[in-house]
Amino acid sequence: MKRLKFSYHILILIPIIIIAFFIINSLTSKSSKDPQIDYLIGMSHPNLSEEWQILVNEQMKNEAEKIDNLSVIFTNAGSSTYKQVKDINMLMDYGIDLLIITVNDANVLGPLLSEINKKIPVIVLDRDVSNYDFTLYIGPDYYSLGKKAGERVVSLLGKNGGKVIEVRGPIEEPSVVELSHGFDYIINQHPNINILTSISSEWLTSQTEERMNKLLKKIYDFDIVFAHNNAMALGAYYASKTQDLDIKLIGVSGLMSNKYRSYLEEGILDTTFLCPIGGKEAIDYAIDILNGENDIPRKIILNTIPITKENMTGIESEPIKRESIKLGYIDSYTSDSFNLETTYTAFEKESIELLYRNINSNLSIKQQHVEQLEAIKNLIDNDVDMIAISPVVSSGWDEVLTIANKKNIPIILLNNMVNSKENLWTTYVGSDYYDQGKLAASYLVNNVYNMKNDIVIAEIRGHSKSASTIQRTEGFNQVINGYSRINVKYRVDTDLSFEEAYKQMTRILDDDKVNVVFTHEEDISYGALKAIKDYGLTIGKDIIMVTTCNSVDTSMNNRDISCLVQSYPVTQSQLIKVVRDYMNGISPKKVINKDKLVIENK
């Protein structure tokens, strides 16, 4: 009897053991027969029922299968933040070497990721957690995407304007907030366009259709729906058809599938913004990080392309691979340690033929700009394959960039953006000025807002049309908007000189007493500091200063500045990596941001 009982339990255990084996095996992208595993990566999905996450999962598995010494464990939180926290802790218990995550709730998971990042590298995919520590972010620039969607709405509605409904993802997600802010920024500039309402959904078609049906009982006169993904756009479409409404739909997708091509062809979707999902890039950069590669950026912003019926053919064609390349490199500043011979050798090792042009930095900014324009034209005449340049100004590039574009010559922008259409340049490597502005404002909200008096700010900027000036101000405004006791009373532009900043700061102090100064660059900060001290005021007590600058300058780290946001300069190896990726047929990233250094002197 005992023998029979023992056999019975064995029979019960056998299927359980088999099932457990398959579950454990399915968690990894490698089978147990694979060679010795050197690296173990954990990927935490927020919800694998979302189309976007399914695509990420498939892409990451495909890339991981190509690497013999790598294993990846995948988890699915099922839209539960509590479950995702448990998943992350479980992955850490497994001894993973690196964590990749798309967060379900950035506000809850951000502090946890900051702690994990002290132990192992963390790659954040798709949904940014800018206010917390991580190793690398890969995904779209949602604020920029929202602006592009707004511009498309403006184009579709024309001079007569119209009415719009926005269908958002979960409102607590920072990416959703950024997307809406960018969209609102453009729409608010057009009084004849009215956003009637916004509804939130969980990224799903069925849920959106249900909520739109309820909304259509109250609102039925509108022209366009902008949905934060294609699945929700389809939900809005099905609901509108029940009311026989003729509207235009704009969505966002991570893949141009045949299904979405047919929707564009049939006019169900007017536009979809194609956002690469980043799974391949996540694996590629994870290996670079684990192999100890230098110059890992903080953010990789993937290119977002508007797709319509007219331009969808061939939109996802693979870039051509090249054995060698001729690169034109226009430099406007060389340090004392710069060695031209060493530079040529470094590029030559990568099969990059370098045509180097240096612009005299002692010339006026206007003259340097003229010299740069002539240098680009000269390089185009020399049949280069690619051009890298550090623009000294942001405006006045359209004509020469259009010439390069017509000859299919990619343009790499270093350190400074240009105010030209994004299709005229290929990649930007440098600072995230928008994020700099947000960080400076966040310091005020978190550390200064509780003071007795209202916060009265003087913002002293650089050139008014400079991309860095515009983006820092936009980021700063986004954070402080909604705080009734924070007021930017003065916003003045300068020529970036110490003297002009000193003059403007003195004028402001003569006119009114501010208690916070936000400066944009090093010389502006020095000029403002000197003016405040000469006025007899105490920095940090009478006036608090927050500043951003475009390089790491140890002399800027003094106790007078309460918060300093600095950026590391672009390195030669970074530029080589961008060119090498292009040679290898890897799709170019639209923006690659270097790490930042935030110094707080509380």
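The values are calculated or read from the model by the stated rules, or taken from the named source; none is laboratory data. It should be emphasised that the depicted structure is a prediction, and the values quoted were computed from it without experimental measurement. So basically every Cβ, Gly included, is an ideal-geometry build from the backbone, and we count neighbours across all protein chains shown. Note: accessible area is taken over every heavy atom of the protein model, side chains too, but ligands, DNA and RNA are not part of it. Shrake-Rupley method; radii C 1.70, N 1.55, O 1.52, S 1.80 Å.
Take segment 372-472, drop everything but the C-alpha atoms, weight them equally and run the Debye formula without solvent; then report log10 I(q)/I(0) at 0.11, 0.15 Å⁻¹ to two decimals.
The Cα Debye sum returns log10 ratios of -0.45, -0.67.
So what's the projected area for the chain, the Cα convex hull averaged over all directions, in nm²?
Working: hull surface 138.8 nm².
The directionally averaged projection comes out at 34.7 nm².
If you wrap a convex hull around the alpha carbons of segment 249-329, what volume per residue comes out, as a whole number of Å³? Mind dumping the intermediate values first?
On the way: hull volume 12.5 nm³, N = 81.
Cα-based convex hull of segment 249-329, divided per residue, equals 155 Å³.
Could you list which residues have their amide H under 5 Å from that of Arg491, counting only those 5 or more apart in sequence or on another chain, with H placed in the peptide plane?
Glu459
For segment 91-135, which trypsin sites (Lys or Arg not before Pro) are both in a DSSP coil and crowded by at most 11 other Cβ atoms within 10 Å? List each step's numbers first, then the result.
Details: sites: Lys118, Lys119, Arg127; in loops: Lys118, Lys119, Arg127.
Passing sites in segment 91-135 are Lys118, Lys119.
Tell me the relative contact order for the chain as a rounded percent, counting alpha carbon contacts under 8 Å between residues six or more apart. Display every interim value, and only then the final one.
Numbers: 1143 pairs, mean separation 57.1, N = 602.
The value is 9 percent.
Given R₀ = 25 Å, what would the calculated FRET efficiency be for Glu172 paired with Arg485, taking r from the Cβ atoms and rounding to 0.05?
Efficiency computed from Cβ-Cβ geometry: 0.55.
What's the Kirkwood radius of segment 100-148 in Å, using all Cα pairs?
On the way: mean 1/r = 0.0901 Å⁻¹.
When all Cα pairs of segment 100-148 are included, the Kirkwood radius is 11.1 Å.
Using unit Cβ charges (K, R positive; D, E negative) and no other charged atoms, how large, in debye to the nearest 20, is the dipole of segment 90-207 about its Cα centre?
Values: 9 positive and 15 negative charges, 120 e Å.
Taking the Cα centre of segment 90-207 as origin, the dipole is about 580 debye.
With label points built 7 Å along Cα→Cβ from the Cα atoms of Asp133 and Lys309, find their separation and express it in nm.
Label-label distance for Asp133 and Lys309, simple model: 5.3 nm.
To check my understanding: the extent here is largest minus smallest coordinate of the Cα atoms along each principal axis. What are those three numbers for segment 189-309, in Å, largest first?
Principal-axis extents of the Cα atoms in segment 189-309, largest first: 58, 34, 26 Å.
Quote to one decimal, in nm, the extra length available between Thr343 and Val108 on full extension: 0.36 nm per residue of separation minus the C-alpha distance between them. Each step should come with its number before you reach the end.
On the way: separation 235, 0.36 × 235 = 84.60 nm, distance 4.57 nm.
Extending this stretch completely gives an extra 80.0 nm.
Place a +1 charge on the Cβ of each Lys and Arg in the chain and a -1 charge on the Cβ of each Asp and Glu, then give the dipole magnitude about the Cα centre in debye, rounded to the nearest 20.
I would put it at about 1540 debye.
What are the ³J(HN,Hα) values, in whole Hz, obtained from phi via the Karplus relation 6.51 cos²θ - 1.76 cosθ + 1.60 with θ = phi - 60°, for each residue of segment 291-306 in sequence order, with x given for Gly and Pro?
Using θ = phi - 60°, the values come out as 7, x, 4, 8, 6, 6, x, 8, 9, 10, 9, 7, 5, 10, 10, x Hz.
Sticking with the crude label model, points 7 Å out along Cα→Cβ, report the distance from Asn291 to Lys321 in nm, one decimal please.
In this crude label model, Asn291 to Lys321 measures out at 1.6 nm.
How do His45, His181 stack up against each other in accessible area, from largest to smallest, with a 1.4 angstrom probe?
Working: His45 0, His181 75 Å².
These residues rank, largest area first, as His181, His45.
Tally Lys/Arg at +1 and Asp/Glu at -1 over every other residue whose Cβ is under 12 Å from the Cβ of Asp97; what's the total?
Values: positive: Lys119; negative: Asp38.
Local charge sum for Asp97: 0.
For segment 156-227, compute Rh as the Kirkwood radius over C-alpha pairs and then the Stokes-Einstein diffusion coefficient at 4 °C and 1.567 mPa s; write the answer in µm²/s, rounded to an integer.
Numbers: Rh = 13.0 Å.
The Stokes-Einstein estimate is 100 µm²/s.
Which is the longest stretch in the chain that no exposed loop site breaks, taking sites as GluC sites (Glu not before Pro) with a DSSP loop state and at most 11 other Cβ atoms within 10 Å?
Longest run free of exposed loop sites: 1-309.
Anything over 26 Å Cα to Cα? Flag those among Lys218/Lys248; Lys421/Lys489; Lys61/Lys259; Lys452/Lys513; Lys118/Lys541; Lys86/Lys589, in the order listed. Walk me through the numbers before you get to the answer.
Working: Lys218/Lys248 19 Å; Lys421/Lys489 32 Å; Lys61/Lys259 23 Å; Lys452/Lys513 15 Å; Lys118/Lys541 34 Å; Lys86/Lys589 33 Å.
Beyond 26 Å between Cα atoms: Lys421/Lys489; Lys118/Lys541; Lys86/Lys589.
Using 0.36 nm per residue of separation minus the Cα-Cα distance, give me the extension gain between Asn450 and Ile219 in nm, one decimal. Kindly include the intermediate steps, with their values, before the conclusion.
On the way: separation 231, 0.36 × 231 = 83.16 nm, distance 4.19 nm.
Length difference between fully extended and current span is 79.0 nm.
Along the Cα-to-Cβ line of Ile37, 7 Å from the Cα, sits a label point; which residues in segment 275-293 have backbone N less than 18 Å from it?
283-284, 286-288, 290-291
Only residues of segment 187-214 count here: report those whose backbone N is under 20 Å from the spot 7 Å along Cα→Cβ of Lys421, or say none.
So the set is 187.
What does the highest-first list of 72-84, 212-224 look like by mean Cβ count within 10 Å? Working shown, then result.
Values: 72-84: 19.0, 212-224: 15.0.
Highest mean packing first, the order is 72-84, 212-224.
Would you mind checking the tilt of helix 2-27 against the longest principal axis of the Cα atoms of the chain, expressed as 0 to 90 degrees and rounded to 10?
30 degrees
I want the local charge near His520. Using Cβ-Cβ distances under 9 Å, sum +1 for each Lys or Arg and -1 for each Asp or Glu among the other residues. Walk me through the numbers before you get to the answer.
Numbers: positive: Arg461, Arg472; negative: Glu459, Glu521.
Local charge sum for His520: 0.
Take the Cα of Lys406, step 7 Å along the line toward its Cβ, and report every residue of segment 352-376 whose backbone nitrogen sits under 20 Å from that point.
Answer for segment 352-376: 373-376.
Per-residue ellipticity at 222 nm for the chain, helices alone: DSSP H runs ≥ 4 residues times -39500 (n - 2.57), over residue total, nearest 500 deg cm²/dmol?
That calculation yields -13000 deg cm²/dmol at 222 nm.
Go ahead and run the numbers for FRET between Asn188 and Asp246, Cβ-Cβ distance against an R0 of 30 Å, rounding to 0.05.
0.70
Quick check: pseudo-label points 7 Å beyond the Cα along Cα→Cβ at Glu353 and Asn378, how many nm apart are they?
Reported label-point gap for Glu353 and Asn378 is 1.8 nm.
Please report the net charge: other residues with Cβ closer than 15 Å to the Cβ of Gly235, K and R +1, D and E -1. Working shown, then result.
Values: positive: Arg168, Arg211, Lys214, Lys241, Lys259; negative: Glu50, Glu51, Glu166, Glu202, Glu209, Glu210.
So the environment of Gly235 carries a net charge of -1.
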